[in-house]
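The values are calculated or read from the model by the stated rules, or taken from the named source; none is laboratory data. A quick note: this is a predicted structure, and the numbers were derived from the prediction, not measured. Every residue, glycine among them, receives a Cβ derived from its backbone with ideal geometry; neighbour counts consider all protein chains shown. Note: areas computed on protein heavy atoms with side chains; ligands, DNA, RNA excluded. Shrake-Rupley method; radii C 1.70, N 1.55, O 1.52, S 1.80 Å.
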Amino acid sequence: MTNTFFKAAAAAGILGAMAMAAPAQAGAGNFVLTFGTHHAGPQTTAQTIDYRRGAPAWRAHNGRVMPLNRVVRLVENRSGGTVTDIRLAKNQRVYRLEGVTRLGMIVDAKVDARTGRIQSIDFKKFRPRYDPKGMDINRLLAKLKRKGFHGFDVVSLKEERGVYRVRALNKRGRPVVVRTRAHNGHILNVRNAANYNGPAYKRGGRHGFNHWRKGVTAHGYNHFGKPTDYGDYYEVSARNRHGKQVRLDICPYTGKVLRVL
């Protein structure tokens with residue numbers, strides 16, 4: 001049993017080194033985080049958006065902070081591991097993550113918040129002192145979004161047994177801490193938060209595309225199709241002032257046209 005444990009831990013350490021090296025070699029900074037020794041499966045999915053510098057998503061976001069839920073999705077899709085805690089740093093430059101491998105061991109990571117480049121990864125040789133079992137973070141956030149919360153910058157399962165603590169903005173754009181049951185996301189209570197590390201533009205509140213339609217029309221666009229909500233931007237087909245068919249990426253927080261294709 002002991003030999004098996006140390007072999008697994010050693011393998012995890014090797015994979016951690018590989019994960020750190022891969023972004024540097026590529027010079028692009030994709031998520032290559034590996035939480036375990038198993039095969040991680042395909043490196044891209046229909047849900048994956050390329051945030052490398054110069055890629056379409058980078059240009060659409062103008063180098064802005066990647067949404068927390070998308071960071072979780074990219075990491076878990078490429079690793080097969082489970083993220084239990086994620087926090088955006090106060091300077092908005094990095095996300096700090098903690099998760100568990102398939103073997104139940106702790107792994108810590110630090111990821112560039114704008115490009116997804118892994119800055120560091122550290123595999124521990126022990127199990128978490130907290131219970132890492134809880135509903136999937138992205139399922140939890142989707143549930144909270146339906147309740148009007150958005151702009152998540154902290155999700156933590158380790159601070160309180162059986163409880164997720166989520167920091168976000170409410171419908172009025174005010175920072176709050178939402179406590180939910182870990183296993184089903186049921187909201188226990190909501191209280192005001194003293195701090196918030198998310199981008200300032202999100203405090204204005206998130207609105208549906210129709211809220212911004214008039215402003216976008218004023219820029220010479222019309223005949224809009226059905227918008228697709230990607231969480232941190234809307235993509236919608238339209239015609240420009242010359243009648244040419246185009247696709248627009250619209251910020252749901254400011255109504256700004258981020259990109260025209």
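Among (1) in contact with a helix residue (DSSP H, G or I) (Cβ under 9 Å, 6 or more places away or on another chain); (2) among the hydroxyl-bearing types (S, T, Y); (3) more than 26 Å from A200 (Cβ to Cβ), which single condition is T217 missing?
Condition (1) is where T217 drops out.
Looking at (1) surrounded by 15 or more Cβ atoms within 10 Å (Cβ to Cβ); (2) closer than 20 Å to N195 by Cβ, find the lone condition where D112 falls short.
Condition (2) is where D112 drops out.
Quickly run through the range 208-234 and pick out the residues that are touching a residue at least 40 places away in the same chain (Cβ under 8 Å), over 19 Å from the mean Cα position of the chain (by Cα) and surrounded by 13 or more Cβ atoms within 10 Å (Cβ to Cβ). Outline the logic, then answer.
So in the range 208-234, the residues touching a residue at least 40 places away in the same chain (Cβ under 8 Å) come out as 208-209, 211-212, 215-216, 230-233.
Okay, now just the ones that are also over 19 Å from the mean Cα position of the chain (by Cα), so 208-209, 211-212, 215-216.
F209, W212, G215, V216 - these are the residues of the range 208-234 that are touching a residue at least 40 places away in the same chain (Cβ under 8 Å), over 19 Å from the mean Cα position of the chain (by Cα) and surrounded by 13 or more Cβ atoms within 10 Å (Cβ to Cβ).
Scan the range 59-91 for residues that are part of a loop (DSSP other than H, G, I, E, B) and either of a type in the set (F, W, Y) or at pLDDT 90 or above (or both) and report the count. Step through it out loud before you land on a result.
Restricting attention to the range 59-91, the residues satisfying the condition of being part of a loop (DSSP other than H, G, I, E, B) are 62-67, 80-81, 89-91.
Adding the requirement that they be either of a type in the set (F, W, Y) or at pLDDT 90 or above (or both) leaves 89-91.
Number satisfying all stated conditions: 3.
Can you find even one residue in the range 222-235 that is among the small types (G, A, S) and under 27 Å from K147 (Cα atoms)?
In the first step, residues of the range 222-235 are kept if they are among the small types (G, A, S); the result is 225, 231.
Retained after the next criterion (residues that are under 27 Å from K147 (Cα atoms)): 225, 231.
Scanning the range 222-235 turns up at least one residue that is among the small types (G, A, S) and under 27 Å from K147 (Cα atoms).
Looking at V100, V107, V163, V178 in this structure, which one is touching a strand residue (DSSP E or B) at 6+ places or on another chain (Cβ under 9 Å), among the aliphatic types (A, V, I, L, M) and closer than 20 Å to G231 by Cα? Break it down into steps so the answer makes sense when it comes.
On the way: V100 fails: closer than 20 Å to G231 by Cα; V107 fails: closer than 20 Å to G231 by Cα; V163 fails: closer than 20 Å to G231 by Cα.
Of V100, V107, V163, V178, the one residue that is touching a strand residue (DSSP E or B) at 6+ places or on another chain (Cβ under 9 Å), among the aliphatic types (A, V, I, L, M) and closer than 20 Å to G231 by Cα is V178.
Condition first: open to solvent by 20 Å² or more (accessible area, probe 1.4 Å) and not in a loop (DSSP other than H, G, I, E, B). Now tell me which residues in the range 127-151 satisfy that.
If the condition is that a residue be open to solvent by 20 Å² or more (accessible area, probe 1.4 Å) and not in a loop (DSSP other than H, G, I, E, B), then N138, R139, A142, K143, K145, R146 are the ones that fit.
Of the numbered conditions (1) open to solvent by 10 Å² or more (accessible area, probe 1.4 Å); (2) out of contact with any helix residue (DSSP H, G or I) (no Cβ under 9 Å at 6 or more places or on another chain), K124 fails exactly one; give the number of that condition.
Every listed condition holds for K124 apart from (2).
Restricting to the range 224-248, give me the number of residues that are at pLDDT 90 or above and touching a helix residue (DSSP H, G or I) at 6+ places or on another chain (Cβ under 8 Å).
5
Please indicate, with yes or no, whether at least one residue in the range 179-189 is touching a His at 6+ places or on another chain (Cβ under 9 Å), part of a strand (DSSP E or B) and either touching a residue at least 12 places away in the same chain (Cβ under 8 Å) or surrounded by fewer than 18 Cβ atoms within 10 Å (Cβ to Cβ) (or both).
Residues of the range 179-189 that are touching a His at 6+ places or on another chain (Cβ under 9 Å), as a first pass: 180.
Next, from what is left, pick out any that are part of a strand (DSSP E or B): 180.
Next, from what is left, pick out any that are either touching a residue at least 12 places away in the same chain (Cβ under 8 Å) or surrounded by fewer than 18 Cβ atoms within 10 Å (Cβ to Cβ) (or both): 180.
Among the residues of the range 179-189, at least one is touching a His at 6+ places or on another chain (Cβ under 9 Å), part of a strand (DSSP E or B) and either touching a residue at least 12 places away in the same chain (Cβ under 8 Å) or surrounded by fewer than 18 Cβ atoms within 10 Å (Cβ to Cβ) (or both), which makes the answer yes.
Give the range 70-93 a look and list any residue that's free of Cβ contacts under 8 Å to residues at least 60 places away in the same chain, closer than 20 Å to R165 by Cβ and open to solvent by less than 20 Å² (accessible area, probe 1.4 Å), or say none.
V71, V75, V83
Listed residues G255, G243; which is open to solvent by 20 Å² or more (accessible area, probe 1.4 Å), free of Cβ contacts under 8 Å to residues at least 60 places away in the same chain and assigned to a loop (DSSP other than H, G, I, E, B)? Let's see the steps before the verdict.
Numbers: G255 fails: open to solvent by 20 Å² or more (accessible area, probe 1.4 Å).
Checking each option against the conditions leaves just G243.
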